[in-house]
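First up is the structure itself, then whatever we jot down about it.
The values are calculated or read from the model by the stated rules, or taken from the named source; none is laboratory data. In this text, all values refer to a predicted model and were calculated from it rather than measured experimentally. Counting neighbours? That spans all protein chains shown, and the Cβs are built from the backbone with ideal geometry, glycine included.
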C-alpha cells in the first residue's frame, strides 16, 4: 500500500513510522484494520486557550471508524485505556491508533481490540493533557521525517503487524488497483525465487 | 496506582517511563511485583573518586526486596545477568528493575524471575561501569521528563506489564485505599459500558 | 563472546547495540547464527555520485554468509523484505542483520529465516535509498557510542536473542577459547549459587 502511495506522490507513502501493533498481538499475526479516521486532537492541560468539546470524545466514535489520537510530544501520560476500548468496541469501531501512549495492555488483548501506539504509560491524562477537538486535521511527525503528514477526518487508515498507513480518500481506488497488481506480481516472484531463479532478473521481468 | 499518586501530588505519579517488563514475559501477562527498593548506584569505571563498596552488591539483597539498579546514561554495557538473577532468587528478592541494560534474556525467563529494564546489552560492565554505593537515593529521568524522580532505599516499587511505579512509604496506605475505591468504580464502569451506556455520563456519575 | 572481545581490546566488545532479533522469534529463544559477513552499503537515492552495482546484491549472497545491510540514518524506508529472505534462504545464507528497517514480519517468521534489525518500515526503498557497494567495510554507530565500529567483509557475525556481535577473523580462535573457559566457569558458578553460596566470593574464586 505504501509503495503504491509513493508512486502516487504521497509524502512518505503515508507511512506513520514509530506506531506499532500492541493488540491483539505485539507486531505479529494476521490482524488488519481498515476504515475512515475519526481524529482526536489533544493539547497540554495547561493550554487554556484551546477549545474544549462539550461531550467526551469516546461517545462520538462512529461505527466502522478507526480512532486516531494525536497526543502532544514530550508528555508522559497515557491518553487511552481499557475502559475506552470497551466503549469503542460496543460502538463498532475497527480499532485505535494512538500517536502517543496507552495503558491496560492485558485488557485490550482480552477484548481482542486492535490497538497501535507509540508506547506505554501507566499515568492517566489528568493534569497532563486533555481533549481539545474532534474530527479536525492532525499532524504526524516521526523522528526520521522532515515534513509532517496530515491525518484528516475520513482519511482511510490501514494498520497491521507491519505498521500504519494513511490513504487520502481520492486515491483509495487507484491505490487498491496498484496493490492487487503488485500482490499478483509478488506471488509470481515468490514462486520463481523458490524455484531458484535469480532475484534481479525476476523482478526486472515481472515488475516491468 | 499512578493516578492515586498524581492525586497525592507525587511528581509524574511516581511513574518510571521507559522501563518495561522483559521477564517472565515481554510487556504482557499477570506477573506483578511489590516490595521495598534495594537501590544500587553505578558510576563510570573511569570515575576514580566515587566510593567502592567492600562486598559485591548482589550478596546484600534483602529478602522480599525489589532491586533497583541505576546505570549512568550514554553507556553501552549491561549491569545485570542470569547469574545475578540466580543469586537474587535464592536470597528471596521479588525481582529487579534496571534503569539500564541487562543480558541473558532466556535465563531470566527460565528462572521465572521478574525483570524490568531500559533494554539489552551483551557486553559485561568490566571497563565500562562499576558499583559505587548501595542503599542510597538514586535519580531517574526519562526522555519526556524535565525533573528527576528520586528512588530512595525502602520506597515501595510496584511493577507489572503496564510499567513501573515508585511509592513513598508514607503514602502507601492512602494510595492503596484510593486504588481500591477506583478498582470498584472501574468494575462498575465496565459493566455499564458493556451494557451500552455512554462513557462520559458514566464516569461523571461513578467517579463523582 | 563480547566479554572475550573486550578482554582482547576490541572496541565495545564488537557489540552492535540497538540491533535486535525479530525472526524466528522476538528477542527470545535459542536461535543463533554465526558466519562471515556479506556487507551491503546503501546510500541516499539522491546521492548520484556514489557507484551503483551492476547486479542486484541479493543474487550475490554467498552460502553460509550472514548478510549485513548498512542503511543511512534519518531515512524512513525499509531495505529488506520477505522476497529477499526467500532468495537468501535458497542461496544458503545463515540470516540477515539490518542496520536499518525491514518489512513483512510474518513472512520472515513463516520462512524461519533469522532476521535482526533496528526496526520496521512498510515503505520500500524506491525514491529513498539504493544499494551502492557490495563487500566493502561499513561503519556502525549506536546512540551510546562515540566511535564507529567497522564491519568488514568476512568478519564473523554472531547473533542471538541477546544481540549481535562482530568478531575480527584473527581473533576468532582466541575468542572461542576464552568463551569455552568462561562457559565452564559460569556453569560451576551457577551450581554454587543454587547451593546458596555467595556471589562475590564465588566469582572471585572461579573467575580467578
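Could you list, in sequence order, the residues of the stretch C:157-170 that are outside any loop (DSSP other than H, G, I, E, B) and surrounded by fewer than 18 Cβ atoms within 10 Å (Cβ to Cβ)? Write out each step before concluding.
Going residue by residue through the stretch C:157-170, those that are outside any loop (DSSP other than H, G, I, E, B) are C:157-160, C:163-167, C:169-170.
Residues satisfying the conditions are C:169, C:170.
Here are some residues: B:40, B:66, B:58. Which one is buried (at least 23 other Cβ atoms within 10 Å of the Cβ) and over 27 Å from residue A:76 (Cβ atoms)?
None of the others qualify; the one that does is B:58.
If residue A:124 meets every condition in (1) under 30 Å from residue B:14 (Cβ atoms); (2) in contact with a helix residue (DSSP H, G or I) (Cβ under 8 Å, 6 or more places away or on another chain); (3) within 14 Å of chain C (Cβ to nearest Cβ) apart from one, which number is that one?
Tallying (1) under 30 Å from residue B:14 (Cβ atoms); (2) in contact with a helix residue (DSSP H, G or I) (Cβ under 8 Å, 6 or more places away or on another chain); (3) within 14 Å of chain C (Cβ to nearest Cβ), residue A:124 fails exactly one: (3).
Restricting attention to the stretch B:123-152, which residues are touching a strand residue (DSSP E or B) at 6+ places or on another chain (Cβ under 9 Å), modelled with pLDDT under 95 and closer than 30 Å to residue C:157 by Cβ?
Of everything in the stretch B:123-152, those that are touching a strand residue (DSSP E or B) at 6+ places or on another chain (Cβ under 9 Å), modelled with pLDDT under 95 and closer than 30 Å to residue C:157 by Cβ turn out to be B:123, B:125, B:128.
Quick one: in the stretch B:127-142, of everything that is within 12 Å of chain C (Cβ to nearest Cβ) and in a loop (DSSP other than H, G, I, E, B), which residue is surrounded by the most Cβ atoms within 10 Å (Cβ to Cβ)?
B:128
Considering only the stretch B:173-189, I want to know if a residue exists there that is at pLDDT 95 or above and in a loop (DSSP other than H, G, I, E, B).
No - not one qualifying residue is present in the stretch B:173-189.
Taking the stretch A:105-122, which residues are more than 13 Å from residue A:82 (Cα to Cα) and surrounded by 24 or more Cβ atoms within 10 Å (Cβ to Cβ)? If you could, list the steps in order and put the result at the bottom.
Looking only at the stretch A:105-122, we keep the residues that are more than 13 Å from residue A:82 (Cα to Cα), and these are A:116-119.
Within the stretch A:105-122, A:116, A:117 meet the criteria.
Can you name the condition, by its number, that residue B:102 falls short on among (1) more than 13 Å from residue B:133 (Cα to Cα); (2) touching a helix residue (DSSP H, G or I) at 6+ places or on another chain (Cβ under 9 Å); (3) surrounded by fewer than 22 Cβ atoms within 10 Å (Cβ to Cβ)?
(3)
Would you confirm, using the coordinates I've provided, whether residue B:182 is over 15 Å from the mean Cα position of the chain (by Cα) and within 28 Å of residue B:3 (Cβ to Cβ)?
Yes, satisfied.
Based on this model, can you work out whether residue A:154 counts as in contact with a helix residue (DSSP H, G or I) (Cβ under 7 Å, 6 or more places away or on another chain), farther than 28 Å from residue B:1 by Cβ and not in a strand (DSSP E or B)? Working first, answer last.
Values: in contact with a helix residue (DSSP H, G or I) (Cβ under 7 Å, 6 or more places away or on another chain): yes; farther than 28 Å from residue B:1 by Cβ: yes; not in a strand (DSSP E or B): yes.
Taking the combined requirement at face value, the residue satisfies it.
Tally up the residues in the stretch B:193-208 that are outside any helix (DSSP H, G or I) and on the phi < 0 side of the Ramachandran plot, please.
4
Residues of the stretch A:144-189 being in contact (Cβ under 8 Å) with a residue 12 or more places away in the chain, within 14 Å of another protein chain (Cβ to nearest Cβ) and more than 18 Å from residue A:21 (Cα to Cα), which ones?
A:144, A:145, A:147, A:149, A:167, A:175, A:178, A:179, A:182, A:185, A:188, A:189
Could you please let me know if residue B:124 is touching a residue at least 12 places away in the same chain (Cβ under 8 Å) and either assigned to a strand (DSSP E or B) or within 15 Å of the chain's Cα centre (by Cα) (or both)?
no
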